[in-house]
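Novice: Before we start, here is the structure in question, set down as structure tokens.
The values are calculated or read from the model by the stated rules, or taken from the named source; none is laboratory data. Worth saying up front: this structure is predicted, and the values here are computed from it rather than measured. Quick reminder, even Gly has a Cβ in these numbers, built from the backbone with ideal geometry, and neighbours come from all protein chains shown.
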């Protein structure tokens, strides 16, 4: 059963982090992005990101609800890697 969770991640650098992360994932996964939004398709999940002036909105849909926590960790750890100057970022995951 699919599950969607959303995190509003406070940062003024969301555009840069999103673009760096999606370029990184683009070597192995199907990604698309522009200046305001981006998407990545994982084998068992889909992640959409939207840039806000003071945050990055992350929506994660996971095919198997049992994988939700692991995929949340994958997204958070990778974003933190590109946000090393202000990491760890705050991910307050909520049911979507």
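Novice: Using the structure shown, decide if residue 31 is in a strand (DSSP E or B), more than 11 Å from the chain's Cα centre (by Cα) and surrounded by 12 or more Cβ atoms within 10 Å (Cβ to Cβ).
Specialist: Details: in a strand (DSSP E or B): yes; more than 11 Å from the chain's Cα centre (by Cα): yes; surrounded by 12 or more Cβ atoms within 10 Å (Cβ to Cβ): yes.
Yes, satisfied.
Novice: For segment 54-71, does any single residue satisfy the condition of being buried (at least 19 other Cβ atoms within 10 Å of the Cβ), part of a helix (DSSP H, G or I) and either modelled with pLDDT of 95 or more or in contact with a helix residue (DSSP H, G or I) (Cβ under 7 Å, 6 or more places away or on another chain) (or both)? Walk me through how you get there before you give the answer.
Specialist: Going through segment 54-71, the residues buried (at least 19 other Cβ atoms within 10 Å of the Cβ) turn out to be 56, 58, 60, 62, 68, 71.
Checking which are part of a helix (DSSP H, G or I) leaves us with 68, 71.
Retained after the next criterion (residues that are either modelled with pLDDT of 95 or more or in contact with a helix residue (DSSP H, G or I) (Cβ under 7 Å, 6 or more places away or on another chain) (or both)): 68, 71.
Within segment 54-71, one or more residues are buried (at least 19 other Cβ atoms within 10 Å of the Cβ), part of a helix (DSSP H, G or I) and either modelled with pLDDT of 95 or more or in contact with a helix residue (DSSP H, G or I) (Cβ under 7 Å, 6 or more places away or on another chain) (or both).
Novice: Could you say whether any residue in segment 43-50 is over 13 Å from the mean Cα position of the chain (by Cα) and either in a strand (DSSP E or B) or closer than 14 Å to residue 89 by Cβ (or both)?
Specialist: Among the residues of segment 43-50, not one is over 13 Å from the mean Cα position of the chain (by Cα) and either in a strand (DSSP E or B) or closer than 14 Å to residue 89 by Cβ (or both), which makes the answer no.
Novice: Would you say residue 4 is in contact with a strand residue (DSSP E or B) (Cβ under 8 Å, 6 or more places away or on another chain), surrounded by 15 or more Cβ atoms within 10 Å (Cβ to Cβ) and assigned to a strand (DSSP E or B)?
Specialist: Details: in contact with a strand residue (DSSP E or B) (Cβ under 8 Å, 6 or more places away or on another chain): yes; surrounded by 15 or more Cβ atoms within 10 Å (Cβ to Cβ): yes; assigned to a strand (DSSP E or B): yes.
Answer is yes for this residue.
Novice: Among the residues of segment 72-96, which ones are touching a helix residue (DSSP H, G or I) at 6+ places or on another chain (Cβ under 7 Å) and either in a helix (DSSP H, G or I) or within 12 Å of residue 13 (Cβ to Cβ) (or both)?
Specialist: Within segment 72-96, 78, 79, 82, 83, 87, 89 meet the criteria.
Novice: Would you check if there is a residue in segment 21-28 being at pLDDT 95 or above, under 14 Å from the mean Cα position of the chain (by Cα), outside any helix (DSSP H, G or I) and surrounded by fewer than 20 Cβ atoms within 10 Å (Cβ to Cβ)?
Specialist: Going through segment 21-28, the residues at pLDDT 95 or above turn out to be 21-28.
Now drop any that are not under 14 Å from the mean Cα position of the chain (by Cα), which leaves 21-26.
So of that shortlist, the ones also outside any helix (DSSP H, G or I) come out as 26.
Filter once more, so that each one left must be surrounded by fewer than 20 Cβ atoms within 10 Å (Cβ to Cβ): 26.
Checked segment 21-28: at least one residue is at pLDDT 95 or above, under 14 Å from the mean Cα position of the chain (by Cα), outside any helix (DSSP H, G or I) and surrounded by fewer than 20 Cβ atoms within 10 Å (Cβ to Cβ).
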